[in-house]
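Take a look at the structure set out below.
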Amino acid sequence: MPDFQGIAMKLVPNSKPALDVPIIFPYAPNAVLLGFFVSFIVGTLSMFAMVAMHTVVIIPGVVGHFFCGAAAAIYGNAKGGRRGAIIGAAVNSLLLS
């Protein structure tokens with residue numbers, strides 16, 4: 001990437017550009033949507049569980065659940081199909097909460 005190289009040569013020599021999680025989204029678009037929905041639903045349910053237990057309540061953030069839940073579902077889908085995508089997104093959501 002020429003625009004990155006100009007800055008990198010001056011500020012941080014020998015650096016390499018990083019790629020973020022959305023780079024894998026085109027490989028499994030259905031898993032992206034499934035992962036987001038599962039992650040957000042589990043995050044909302046865990047919020048209600050926190051309210052019921054009278055602990056600190058963490059309100060689920062849409063952006064975090066979208067990016068992390070989708071990535072977890074893509075990797076889960078690659079290893080275990082639809083079931084792996086659901087489990088991966090759910091476990092990730094519990095870790096976020």
What is the angle, in °, between the Cα long axis of helix 29-52 and the longest principal axis of the Cα atoms in the chain? Nearest 10 is fine, range 0 to 90.
50
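Send over a whole-number figure in Å² for the accessible area per residue of the chain, probe 1.4 Å. Intermediate values should be presented prior to the final figure.
On the way: 6700 Å² over 97 residues.
I get 69 Å² per residue for the chain.
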For K16 and V91, compute 0.36 nm times the residue count separating them, minus their Cα-Cα distance, and round to one decimal in nm.
23.8 nm
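Carbon and sulfur atoms: what percent of the 1.4 Å accessible area of the chain do they account for? Don't skip to the answer; put the middle values down first.
Details: 4870 of 6700 Å².
About 73 percent, which is the carbon plus sulfur part of the accessible surface.
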Relative to the chain, whose Cα atoms define the longest principal axis, helix 62-96 and its Cα axis are tilted in degrees, nearest 10, by 90
Along Cα→Cβ, 7 Å out, is where each label goes; now give me the distance between the ones at V57 and I41 in nm to one decimal.
2.2
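The values are calculated or read from the model by the stated rules, or taken from the named source; none is laboratory data. Every value quoted in this text rests on a predicted model; they were computed, and no experiment measured them. Backbone-built Cβ (ideal geometry, glycine too); neighbour counts: all protein chains shown. SASA here: full protein model, heavy atoms, side chains in, ligands and nucleic acids out. Shrake-Rupley method; radii C 1.70, N 1.55, O 1.52, S 1.80 Å.
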